[in-house]
Amino acid sequence: MFKKALLAAASFAAIIAVQPAVAEDLKDFRIGILGGENEADRLRSFQCMTDTLPAVLGVEKVSLFPAADYDGVIQGLLGGTLDYAELGASGYAKVYLEDPKAVEPILTTIQTDGATGYYSVMVARKDSGITTLEDLKGKKLGFADPDSTSGFLVPSVTLPAAIGMPIADYFGETGFGGGHENLVLEVVKGNFDAGTTWASGVGEFKDGYTSGNLKKMVDKGIVDMGDLVQVWQSPLIPNGPIVVRSTMDTDMKAKFKDFMMTLPESDPECFASIQGGDYKGYTEVDASFYQAIIDARKAKIGS
């Protein structure tokens, strides 16, 4: 099955050009997976969905399409060639601002402390001597992805108040790391003096918190939190939405939503795998939950 998922991944670019299937004739339920960590790990995390969803939804198969970056999934959703994806709030805002009827946000995650939000955290190498924002003046700051909420939008909106001036005037240089995982690795290598990524903010920094990119990297053994120090933390950010294609058959939407709502109890291992950390479960949301992020993206980026 994993081999089939890899073959599906290779055709991601092609799917964008395909016309969306008629909902009533849908045979292949198509899952878009955001960039941010290496492709093999992303496919492995969602493999459980390809095993269980066909029987639940009455489709012949479930295919996984991991994009190279956030925008790949966003364009697939806008083109109607993906049926479900888990987006960051800024990614959803981008879809909404281009076509508010393209997808429907239906659920979001609940942190172990009951919160429905998370944080952008800025990390630096522990041996760099950097411990505060003041230590970063004139240095190189890395962002994760232009469409990432925690990795770009929220820091770009909130950091100027924290440093007392525009980002471009404070830091010597800024750039993008090519996704959250790679950004942190670039910080560890010393190619950025600090970088922004996402974390639940719940639990201990030494563990990578309870969920988020740092937690995933710790669990995979590719980062030692003892090598990093946290320099800054953002205000609370709304957890990203699970979205479905708006033109999907109503009955299929209901079946999928029910499957996801019960997943934390029916298959805790699959739930933990696709979410990448510890969460209590899901709660219902709609577009209004993300209005502040939509407004912030419109003001900062435009679309």
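Points to keep in mind about this one:
- Options Asp227, Asp193; residue that is among the acidic types (Asp, Glu) and surrounded by 18 or more Cβ atoms within 10 Å (Cβ to Cβ): Asp193
- Taking the listed residues Ser150, Ser120, the one that is surrounded by 24 or more Cβ atoms within 10 Å (Cβ to Cβ), closer than 24 Å to Asp69 by Cα and in contact with a Pro (Cβ under 7 Å, 6 or more places away or on another chain) is Ser120, with no other qualifying.
- In the stretch 196-208, residue nearest to Ser120 (Cα to Cα) [restricted to those that are open to solvent by 10 Å² or more (accessible area, probe 1.4 Å) and in contact (Cβ under 8 Å) with a residue 24 or more places away in the chain]: Trp198
- Whichever residue in the stretch 155-171 is in contact with a strand residue (DSSP E or B) (Cβ under 7 Å, 6 or more places away or on another chain) and open to solvent by less than 20 Å² (accessible area, probe 1.4 Å) and, among such residues, is nearest to Tyr290 (Cα to Cα): Pro155
- Yes/no for Leu263 being in contact (Cβ under 8 Å) with a residue 24 or more places away in the chain, assigned to a helix (DSSP H, G or I) and over 18 Å from Tyr118 (Cα atoms): no
- Test for Ala10: is it at pLDDT below 95, out of contact with any helix residue (DSSP H, G or I) (no Cβ under 7 Å at 6 or more places or on another chain) and aliphatic (A, V, I, L, M): yes
- Candidates Gly129, Gly91, filtered to the one that is among the small types (Gly, Ala, Ser) and touching an Asp or Glu at 6+ places or on another chain (Cβ under 6 Å): Gly91
- Among the candidates Glu134, Glu98, residue that is closer than 18 Å to Val244 by Cβ and open to solvent by 20 Å² or more (accessible area, probe 1.4 Å): Glu98
- Asp251, sole failed condition from (1) open to solvent by 10 Å² or more (accessible area, probe 1.4 Å); (2) in contact (Cβ under 8 Å) with a residue 60 or more places away in the chain: (2)
The values are calculated or read from the model by the stated rules, or taken from the named source; none is laboratory data. Given the structure is predicted, the values throughout are model-derived calculations rather than measurements. When we count neighbours, we look across all protein chains shown, and the Cβ atoms used for this are built from the backbone with ideal geometry, even at glycine. Heavy atoms of the whole protein, side chains included, go into the accessibility calculation; ligands, DNA and RNA do not. Shrake-Rupley method; radii C 1.70, N 1.55, O 1.52, S 1.80 Å.
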